[in-house]
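K.L.:
Provided herewith is a single structure, encoded as structure tokens, for subsequent inquiry.
The values are calculated or read from the model by the stated rules, or taken from the named source; none is laboratory data. In this text, all values refer to a predicted model and were calculated from it rather than measured experimentally. All Cβ positions, glycine included, derive from the backbone under ideal geometry; neighbour counts span all protein chains shown. Heads up: the accessible areas ignore ligands, DNA and RNA and are worked out on the full protein's heavy atoms, side chains in. Shrake-Rupley method; radii C 1.70, N 1.55, O 1.52, S 1.80 Å.
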Amino acid sequence: MAYNKAKEEYRWNQWKAEEEKILREQGVDEETIQKLREYDWDDFNTERRFREHQTSLLDCMELLLEEKETKESQPESVEALLDTVENEELLQILLSTDKKTLQMIVLKMMGYAPKEISHHMELPEQTVYTRLRRLREKIKKSMKFE
């Protein structure tokens, strides 16, 4: 599931308010509380930057296919991939996608790294990343993932 910054920031603010309340009750000066808040905020932003980039195309595909990943159930061709899709919206998106991008998805699901996919398909590595990212964005937009 995608990282929801607003939700996490709300939780952080709740936690921080409770912590600051306890610190004030214990007699900690405001300057120390402010320094601690700034340190914790930097830590929160570091974690946010990491988590925002964690979502991958495979995460989306796993949610939509609703299958356990096993060697036997992984599609080894574009046709096999399309046959396993049960969600009608996802199927329409994949059917409207070009064959090269679909082949990239199959190779990615088989465990190949983007560098290996680019070598296999004789394309620049950045092209693989770009095509997968665009498809992921198209799926998210259409399926309204948060």
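K.L.:
Per residue of segment 40-49, in order, report the coupling 6.51 cos²θ - 1.76 cosθ + 1.60 (Karplus, θ = phi - 60°) as ³J(HN,Hα) in whole Hz, putting x for Gly and Pro.
P.N.:
Working through the residues one at a time gives 5, 5, 4, 5, 4, 5, 4, 4, 4, 4 Hz.
K.L.:
Can I ask one more? Quick one: accessible area per residue over segment 1-40, 1.4 Å probe, rounded to a whole number of Å²?
P.N.:
With the other protein chains kept in place, segment 1-40 gives 80 Å² per residue.
K.L.:
Net charge within 15 Å of residue 114 by Cβ-Cβ distance, Lys/Arg positive one each and Asp/Glu negative one each, not counting residue 114 itself? Don't jump to the answer; show the numbers that get you there.
P.N.:
Numbers: positive: 100, 108, 115, 131, 133, 134, 136; negative: 116, 122, 125.
Cβ neighbours under 15 Å give a net charge of +4.
K.L.:
Also, I was wondering about something else. Rank-order 129-135, 110-116 by packing density, defined as the average count of other C-beta atoms within 10 Å over each peptide's residues, highest first.
P.N.:
The packing order, highest mean first, is 129-135, 110-116.
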